[in-house]
Amino acid sequence: MHSSVTGLRSSLGLTERDRLRRTFYRLARAEDSRAGIELEHGDRVGIVGGGPAGSLFATFLLRMADTIDLEVEVDVYEARRFDHKGPAGCNHCGGIVSEFLVQLLSIEGVNLPPSIVQRGIDSYMLHMDVGSVRIETPPTHERRIAAVYRGNGPRASEDSGFDSFDRFLQNRAVDLGARIRRRLVSGLDRQLDGRIRLRGPDGLDETYDLVAIASGINSHLLDRVRRLDSLEDVPEVLRTFICEFPLGRTQVRERLGNSMHVFLLDIPRLEFAALIPKGDYATLCMLGHEIDEELVQALLDAPEMRRLFPGASLPPLACHCFPRINVRGSSRPYADRVVLVGDAGVTRLYKDGIGGAYRTAKAAANAAVLHGISAESFAEHYAPACRTIDRDNAIGKVIFRFSHLFQRWRFVRRGLLRMIAREQQRNGARPMSGVMWDMFTGSAPYREILLRTLRPAFVRSLLWNLVAGNAPRPGRREPNPEPL
Amino acid sequence: MRSGELGGTYQPGDVVVREGESDDRMFVIQKGRVEVVSDRDGSETRLAVLGEGDFFGEMALFEHSTRAATVRVLEPARILTIDKRTFLRRVQKDPSLAFNLVKAMSARLRRLDDELARVKAQIASGGESRVG
């Protein structure tokens with residue numbers, strides 16, 4: 001009997017040491033779960049990834065720990081330097097801080113200075129083949145959306161005096177006591193006592209009481225994290241396209257103004273595209289299915305896009321990339337002493353990735369400090385925040401499927417254009433403008449947007465505009481694009 | 001206004017909120033200084049001067065009463081508006097969002113206590129000297 005078990009173990013590749021190690025860990029973990037693992041004085045917290053999710057997790061953890069007089073040591077691992085231009089300092093993101101997040105950060109005491117905001121956005125321009133319409137910030141007419149560079153701008157960009165958004169958040173974490181470690185983390189495993197050891201190619205070997213994975217979705221480390229117990233599924237991802245057009249400050253101001261330009265075009269596989277004005281550059285973000293060069297070219301050739309550029313001619317790209325984004329989160333972004341935040345765990349569908357980082361980082365940090373760092377604790381106090389985002393994303397997918405009707409049917413686009421244009425010309429209720437604003441900005445949960453579109457008054461108004469917008473009129477022609 | 005500035009722009013003398021008016025927004029100062037003044041029987045008293053990072057109008061988030069004081073801009077300022085709905089929607093999911101506000105309101109209360117104690121002490125010592 002014994003020999004047969006030994007034989008089986010041998011055939012599974014398990015050594016005696018492995019067996020003992022697993023048994024010991026199972027017992028230790030069971031003990032931890034019963035006792036509840038909590039952060040204690042002097043505990044060490046390792047955060048892998050120094051983007052917004054990592055820096056905000058460090059900030060909220062240190063701030064909450066200070067509130068309850070708990071001293072912890074926090075290391076943030078980030079090999080990239082966000083003060084470098086080009087890919088070396090870039091985090092491959094459109095770089096929009098939503099209106100909702102600008103306000104929340106301000107309440108948190110994090111006010112974005114002009115040195116990191118490339119441009120304050122006060123309106124959206126919706127471009128369709130049937131015309132363009134401007135949607136202004138309701139109701140304050142303030143600039144409450146920030147266009148930022150996550151790194152220090154495109155490779156060839158000149159030093160414009162602007163700073164990196166990611167470095168700004170990192171510096172705030174450092175001010176509270178976090179330590180930035182410029183070392184690459186290539187692996188992690190669990191020690192006999194349940195703590196997590198981080199390893200790196202340069203000999204990094206550090207053990208932490210809690211590890212937060214904030215490495216984003218584009219990191220190979222996620223495969224290693226998956227091998228840890230209980231973290232079996234990984235987020236579902238979608239490929240995107242991001243590029244930078246060098247236009248110069250004057251052209252950016254004159255051609256794009258303080259508006260983000262959104263395109264609702266009948267191009268197969270295209271989900272969403274937006275052109276974001278920044279300092280000397282305009283950033284194009286594109287979401288779609290199986291994005292390839294053909295789809296990118298179809299968008300770049302669209303007259304609605306070209307007419308925004310001087311002489312309807314697109315300048316050569318300063319840089320471009322095809323980063324992946326998270327479109328369905330990990331169902332269990334935590335284990336004992338490990339928590340996944342930001343894109344590595346769960347984020348908002350298509351929009352407001354930095355807002356998703358804020359929400360998950362704060363929920364995870366509060367759960368860790370106030371309730372404990374066991375899987376059970378994260379399940380009770382962190383998972384609800386992730387589930388809320390995930391459920392809302394499911395509703396968002398329904399809304400985006402519905403929006404495909406607008407993309408495909410020209411008569412629907414005419415009705416949409418008429419409805420928004422009329423709302424923008426008058427004071428009072430602006431139901432469609434509000435829906436489109438919240439869709440583009442990520443300022444409201446998708447559930448709330450869906451409920452608003454189901455109101456009888458909204459449906460009545462849409463139907464009326466569909467009829468009125470398509471009524472045959474003598475000498476009818478498509479409206480000209482609205483001047484910027 | 002620079003391209004990267006957020007919020008609304010105000011010039012010296014602009015009144016952001018006026019005592020007695022009803023409004024449900026809170027404001028966070030991004031740049032510049034404002035003064036908080038109260039009018040009692042035609043006499044204006046300066047209650048505080050606020051600067052970058054400070055907020056005002058927070059009472060409107062929690063109660064329905066009218067503005068307790070007027071806020072006037074002292075030097076060119078940029079001020080960000082916080083919607084009551086945005087705040088309440090988020091604070092329902094994350095009560096710790098209110099910590100910063102509670103901390104600041106607590107600090108203001110402490111300052112007012114000190115001020116009240118100082119004024120009372122002044123009155124008391126003035127009364128004693130008159131008696132003496």
Which members of the range A:194-214 meet the condition of being on the phi < 0 side of the Ramachandran plot and of a type outside the set (A, V, I, L, M, F, W, C)?
A:Arg195, A:Arg197, A:Arg199, A:Gly200, A:Pro201, A:Asp202, A:Asp205, A:Glu206, A:Thr207, A:Tyr208, A:Asp209
Helices (runs of 4 or more DSSP H) enclosed by the range A:403-468 - at least 2 residues per element that are touching a Ser or Thr at 6+ places or on another chain (Cβ under 8 Å) and among the β-branched types (Val, Ile, Thr)
A:431-441
Take the residues in the range B:76-109 that are more than 20 Å from the chain's Cα centre (by Cα) and part of a helix (DSSP H, G or I); name whichever of them is farthest from the other protein chains (Cβ to nearest Cβ).
B:Gln92
Of all strands (runs of 3 or more DSSP E) fully inside the range A:177-216, the set with 3 or more residues that are buried (at least 21 other Cβ atoms within 10 Å of the Cβ) is A:210-213
Only one of A:Leu231, A:Leu192, A:Leu238 is at pLDDT 75 or above and over 17 Å from the mean Cα position of the chain (by Cα); which?
A:Leu192
Name the single residue that is farthest from A:Leu169 (Cα to Cα) among those in the range A:340-389 being charged (D, E, K, R) and within 14 Å of chain B (Cβ to nearest Cβ).
A:Arg387
When you scan the range A:263-287, how many residues do you find that are touching a residue at least 40 places away in the same chain (Cβ under 8 Å) and touching a Phe, Trp or Tyr at 6+ places or on another chain (Cβ under 9 Å)?
15
If the Cβ limit is 9 Å and pairs must be 6+ apart or interchain, which residue in the range A:66-84 that is modelled with pLDDT of 95 or more and buried (at least 20 other Cβ atoms within 10 Å of the Cβ) pairs with which residue that is assigned to a loop (DSSP other than H, G, I, E, B) and of a type in the set (Ser, Thr, Tyr)?
A:Tyr77/A:Ser215
How about the range B:15-59: which of its residues are outside any strand (DSSP E or B), within 14 Å of chain A (Cβ to nearest Cβ) and more than 23 Å from A:Ala146 (Cα to Cα)?
B:Asp23, B:Asp24, B:Gly57, B:Glu58
Where a residue in the range A:310-337 is over 24 Å from A:Val211 (Cα atoms) and its partner, wherever it lies, is acidic (Asp, Glu) and buried (at least 17 other Cβ atoms within 10 Å of the Cβ), with Cβ under 9 Å and at least six apart:
A:Leu317/A:Glu244; A:Ala318/A:Glu244; A:Cys319/A:Glu244; A:His320/A:Glu244
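The values are calculated or read from the model by the stated rules, or taken from the named source; none is laboratory data. In this text the structure is predicted, and so the values were computed from the model without any measurement. Cβ sites come from the backbone with ideal geometry, for glycine too, and all protein chains shown count toward neighbours.
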